[in-house]
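Working notes, structure below.
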Amino acid sequence: MSSITTISQLSKVLNLTPDELAWKETPISVPLSITEHFMSLIDPNDPNDPLRRQVVPTCKENHVNRGESEDPLEEVSHSHGSRLIHRYPSRVNFLTTDVCPMYCRHCFRRRFTGNLAGPATEQDIQSAAAYLAQHPEVKEMLMSGGDPLTLSDSMLDHMIGEFRNASPHLIIRICTRFPASMPSRITEDLVAMFKKHSSAPFYLMTQFNHPRELTQESIKAVSLFVDAGIPAMNQSVLLRGVNDDVDVLEELCNKLLFNRIKPYYLFQGDMVTGTSDFRVHLEKGMEIERELRRRLSGLAMPNYTADLPDGGGKVPLCGSYIISQDKEKGSWNFRTPEGETRVLTDPLYI
């Protein structure tokens with residue numbers, strides 16, 4: 001079985017619900033594409049399967065809700081050319097391609113992803129490289145899209161070479177969902193290509209949203225990077241009906257850490273048009289964060305974070321543990337993760 005790209009193909013392997021059958025691709029949706037590997041992980045008898053929810057479209061994603069936007073993070077207004085986004089002082093994001101092997105229904109960059117524009121052109125690459133050379137304050141680049149690993153090894157080799165020639169100490173984050181969607185793409189030759197560009201570090205940024213996605217094939221794929229000295233960090237999205245459960249996230253985070261993948265972010269769903277069915281209430285998200293902080297070690301604990309609308313940037317959504325402050329005594333009353341109270345004295349007053 002190759003990737004599934006039509007409702008007709010999908011109906012042959014799943015008993016589709018009325019909402020799934022009613023889906024139509026529109027300008028606010030992303031295409032349908034589910035890899036063979038990910039499809040094999042879905043329980044065909046469970047219409048609420050958390051993996052199914054992530055990749056099988058429903059008519060709910062064609063709804064437009066109040067407060068939603070195609071570009072809530074204002075990436076377009078922070079773009080330099082068609083592919084380079086500079087929204088934070090020290091890092092940029094290069095959109096290598098708009099193609100993914102599998103399209104997540106919660107995709108936050110649906111204004112760009114799956115529009116069939118294809119890989120960045122040579123002009124896009126050279127323009128981005130020139131920008132890097134002119135902006136030494138940029139220390140990191142995210143290579144994302146779309147998924148950069150849909151490009152050939154040779155194309156990635158060329159692209160990275162141009163960026164590192166322009167800025168030799170540029171740290172590069174490889175943002176990909178291939179370890180979860182199609183781990184066979186990760187080969188020793190691919191990793192060796194990255195290692196060849198050794199003037200600065202690489203970081204592998206994965207997206208595993210549910211513990212069932214961490215298959216032996218996926219773990220092996222990530223291990224190729226880690227064994228080569230490229231650390232792996234995971235960015236999950238808090239998704240209703242997928243992982244908005246403390247037990248599920250506890251299992252995911254511990255499983256990630258055991259397999260040498262640092263849980264980095266747990267993102268609140270962005271206010272992107274067509275994704276309202278996945279968004280979790282903030283109060284519930286914060287309750288989950290508090291309980292996770294009680295259960296998990298610091299290494300296993302991700303940062304529950306929102307990327308604020310109107311280009312406001314990332315902010316942590318953890319509740320404050322400060323109860324009150326006595327400025328005269330220099331003492332602070334704190335709530336412990338278990339709900340008890342402790343007093344911490346400012347060293348200035350000791």
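A few remarks follow.
- Between Thr345 and Val76, the modelled labels are 5.8 nm apart [label points 7 Å from Cα along Cα→Cβ].
- Amide H partners (placed H, <5 Å) of Asn234, local residues excluded: Thr206, Lys262, Tyr264, Tyr265
- DSSP H segments from the chain that extend 15 Å or more along their own axis, Cα-based, with Kyte-Doolittle mean of -1.0 or above: 122-134, 153-166, 216-227, 246-258
- Partner lysines for Lys196 [C-alpha distance under 29 Å; skip if fewer than 8 residues away on the same chain]: Lys139, Lys220, Lys262
- Applying both filters, DSSP loop and at most 16 other Cβ atoms within 10 Å, to the trypsin sites (Lys or Arg not before Pro) of the stretch 255-322 gives Arg260.
- Surface share of carbon and sulfur [accessible, 1.4 angstrom probe, percent] for the stretch 274-326: 52
- Vicinal HN-Hα couplings computed from phi for the stretch 69-84 (Karplus, 6.51 cos²θ - 1.76 cosθ + 1.60; Hz; Gly/Pro x): 8, 6, 9, x, 8, 6, 5, 4, 6, 9, 8, 10, x, 8, 10, 9
- Bridge type composition, the stretch 197-350 - antiparallel percent by DSSP, nearest 5: 50
- Computed over the chain, the per-residue total of -39500 (n - 2.57) for DSSP H runs of n ≥ 4 gives a 222 nm mean residue ellipticity of -8000 deg cm²/dmol, rounded to 500.
- Listed peptides 55-61, 111-117 appear in the order 55-61, 111-117 once ranked by packing, highest mean of other Cβ atoms within 10 Å at the front.
- Length available on full extension from Glu287 to Ser127: 0.36 nm per residue minus the Cα-Cα distance, which gives 53.1 nm.
- Solvent-accessible ranking of Leu149, Leu257, largest area first, probe 1.4 Å: Leu257, Leu149
- Partners for Lys284 among aspartates and glutamates (Cα-Cα distance below 19 Å; same-chain residues under 8 apart left out): Asp244, Asp245, Asp247, Glu250, Glu251, Asp270, Asp307, Glu338
- In order through the stretch 328-340: 3J(HN,Hα) via Karplus (6.51 cos²θ - 1.76 cosθ + 1.60), integer Hz, x for Gly, Pro: 5, 8, x, 10, 10, 9, 10, 9, 7, x, 8, x, 7
- Distance between modelled label sites at Asn303 and Asn45, nm, 7 Å Cα→Cβ extension: 4.4
- Note on Glu25 and Arg240: with the Förster distance fixed at 25 Å, the Cβ-Cβ geometry gives a FRET efficiency of about 0.65.
- Under-5 Å amide H pairs with Arg87, H placed in peptide plane, nonlocal only: Asn93
- Distance in nm between pseudo-label sites at Met233 and Tyr321 (7 Å out along the Cβ direction from Cα): 2.1
- Average accessible area per residue (Å²) across the chain - probe 1.4 Å, nucleic acids and ligands excluded: 46
The values are calculated or read from the model by the stated rules, or taken from the named source; none is laboratory data. What you are looking at is a predicted structure, and each value in this text was computed from that prediction instead of being measured. Every residue, glycine among them, receives a Cβ derived from its backbone with ideal geometry; neighbour counts consider all protein chains shown. Heavy atoms of the whole protein, side chains included, go into the accessibility calculation; ligands, DNA and RNA do not. Shrake-Rupley method; radii C 1.70, N 1.55, O 1.52, S 1.80 Å.
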